[in-house]
Amino acid sequence: MPEPTSRRTVLAAALATASATAATVAAPAASAAAGPATAPNPAPGTAAAPAGPGAGGGAAEPPAEAVVENRFWTSFADWCSGTADGVRVVAGPRPGIAIGTPAGQAAYTDPHTGTTARWEYATWISPRHTTAAPATELIASWNADTPTGTWITVELSVGYPDGTDSPWYVMARWAAGDGDIRRATKDGQGDGRTSVWTDTVAVDDPANGPHPTSYRLRVTLHRAPGGDRTPTVWRLGAMASAVPDRFTVPAAEHRVTRELIVPRYSQNTHIGQYPEYDNGGEAWCSPTSSQMIIEYWGRRPTARQLAWVNPEYADPQVCHAARFTYDFQYEGCGNWPFNAAYAATYDDMNAVVTRLRSLTDLETLIAAGIPVITSQSFLEGELTGAGYGTAGHLMTVIGFTAEGDVIANDPASPTNQAVRRVYRRREWENIWLRTKRHNASGKVVSGTGGVCYLYWPAEATPAQRHALRSLGLL
């Protein structure tokens with residue numbers, strides 16, 4: 001059956017029609033690929049790609065270096081370096097920011113419930129960060145605790161080469177729960193130079209438009225008036241990247257043979273369950289993958305947290321992950337930073353969205369014992385053994401065989417037992433790292449260019465910390 005059309009696809013079509021630069025606007029595109037019910041909505045950040053040199057896709061393009069830079073504010077010194085209004089810096093093993101004396105009160109009308117309420121608030125703005133190179137895309141991540149009666153807003157503003165700035169783009173109104181507000185992104189944001197596509201800030205005209213050279217982040221902490229509870233944010237940052245247009249990527253030398261023992265969960269065993277969350281399990285590749293990795297690190301929801309799930313359903317923690325990663329604006333569970341933020345609600349967990357530049361980076365993490373959730377899109381015939389095509393799908397890479405092939409826990413499997421797959425190295429490498437591809441109708445659309453989620457515990461081993469540091473994540 002055809003894959004469902006996402007709200008992002010509808011929005012993209014409207015904007016592309018209205019744009020004078022429609023040929024080069026980085027907007028999500030509908031996939032004409034026929035995929036099974038197991039295939040999820042197109043992944044956040046997936047964009048239509050303009051035809052250009054090499055658009056025929058027949059020959060390998062000249063190797064070009066991808067630039068990926070991560071900057072996260074996490075230390076006591078980091079938090080002290082920002083501009084605070086009503087925020088206090090919290091010391092300890094995981095320094096962060098919390099509400100001190102609120103800066104004021106403001107009303108917020110939740111567009112997904114219609115409820116208007118007043119909230120005390122405090123704000124923190126990061127110093128301006130200059131990117132390592134002009135960026136084409138930026139994705140923010142945050143790790144926070146939001147007790148009942150609290151929530152946060154995360155915003156990002158990019159700086160252009162001419163010294164001007166974009167507006168403050170709302171990247172999320174977020175809470176770990178869903179009782180106070182509905183966690184959501186915001187559609188329709190842009191300034192004619194960059195636009196927000198659910199969770200990704202992208203340059204409208206990569207060929208001719210200005211590319212951001214800096215950015216700032218702003219987080220607003222909210223709580224019910226007169227209360228003493230507060231959100232606490234202990235990680236805030238972004239990945240800025242410039243990945244060259246490419247249908248194919250250079251092959252990386254095989255260096256690592258290792259398989260991590262990761263729990264296996266199928267999204268398809270949840271088809272029809274809780275359709276209010278992205279139509280049920282058929283679209284739950286992202287939360288299912290997240291839950292596998294959370295449990296790999298020894299965390300899981302408590303019985304009390306799972307009490308809302310129908311006791312007849314197997315693996316209720318997957319239903320739980322779907323509910324608490326759901327983006328009420330995108331109407332899906334595939335928002336990349338929302339999945340990372342969910343993972344970080346577990347004790348002493350860190351989580352980010354980033355890009356890796358090659359299978360070498362991925363092998364570095366596997367060698368250190370860190371599994372990786374990867375985002376990719378492909379036609380059925382492009383990935384031998386998958387048995388489906390998709391405009392955007394998450395799976396968990398857990399190792400490499402002696403031959404260098406990729407071992408993945410693929411949630412688009414009929415049963416938990418069938419989740420472990422081995423995919424041909426060269427096919428999988430190209431599908432994951434390319435930035436352009438052809439869909440089933442022959443249209444040039446984008447690939448995710450190495451996007452992944454990384455989750456790791458505070459008690460990471462020296463080897464794991466070394467691997468994360470080598471990729472600019474610590």
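The values are calculated or read from the model by the stated rules, or taken from the named source; none is laboratory data. Note that this is a predicted model, so its numbers are computed, not measured. Virtual Cβ from ideal backbone geometry, glycine too; neighbours counted across all protein chains shown.
Annotations
- Inter-residue pairs, beta-carbon under 7 Å, first part of a loop (DSSP other than H, G, I, E, B) and in the range 304-315, second among the hydrophobic types (A, V, I, L, M, F, W, C), 6+ apart: Val309/Cys319; Tyr313/Cys319
- Residue that is surrounded by the fewest Cβ atoms within 10 Å (Cβ to Cβ), among those in the range 377-406 that are under 21 Å from Glu253 (Cβ atoms) and out of contact with any Lys or Arg (no Cβ under 7 Å at 6 or more places or on another chain): Ala402
- Residues that are closer than 19 Å to Pro287 by Cα and either hydrophobic (A, V, I, L, M, F, W, C) or touching a Cys at 6+ places or on another chain (Cβ under 8 Å) (or both) within the range 359-398 comprise Ile370, Val372, Ile373, Thr374, Ser375, Ala391, His393, Leu394, Met395, Val397, Ile398, listed in sequence order.
- Any hit, the range 170-179, residues being surrounded by 19 or more Cβ atoms within 10 Å (Cβ to Cβ) and over 25 Å from Leu473 (Cα atoms): no
- Top-ranked residue in the range 460-474 [being modelled with pLDDT of 95 or more and in a loop (DSSP other than H, G, I, E, B); ranked as surrounded by the fewest Cβ atoms within 10 Å (Cβ to Cβ)]: Thr461
- Hits in the range 103-132 (condition: within 18 Å of Thr146 (Cα to Cα) and crowded, with 19+ Cβ neighbours inside 10 Å): Trp119, Glu120, Tyr121, Ala122, Thr123, Trp124
- Just so you know, in the range 424-459 the residues that are of a type in the set (Gly, Ala, Ser) and buried (at least 18 other Cβ atoms within 10 Å of the Cβ) include one that is farthest from the chain's Cα centre (by Cα), and it is Ser446.
- Considering the range 381-435, the qualifying strands (runs of 3 or more DSSP E), each wholly inside and each with 1 or more residues that are more than 19 Å from Gly334 (Cβ to Cβ), at pLDDT 95 or above and among the aromatic types (Phe, Trp, Tyr), run over 390-400, 420-423.
- Every residue from the range 72-102 that is part of a strand (DSSP E or B) and surrounded by fewer than 19 Cβ atoms within 10 Å (Cβ to Cβ): Thr83, Ala84, Asp85, Arg88, Val89, Val90
- Among all positions in the range 248-264, there is at least one residue which is farther than 22 Å from Val419 by Cβ and buried (at least 21 other Cβ atoms within 10 Å of the Cβ).
- Test: residue in the range 71-81 that is under 30 Å from Ala252 (Cα atoms), touching a residue at least 12 places away in the same chain (Cβ under 8 Å) and outside the structural domain of Ala344 (by TED's automatic domain parsing): yes
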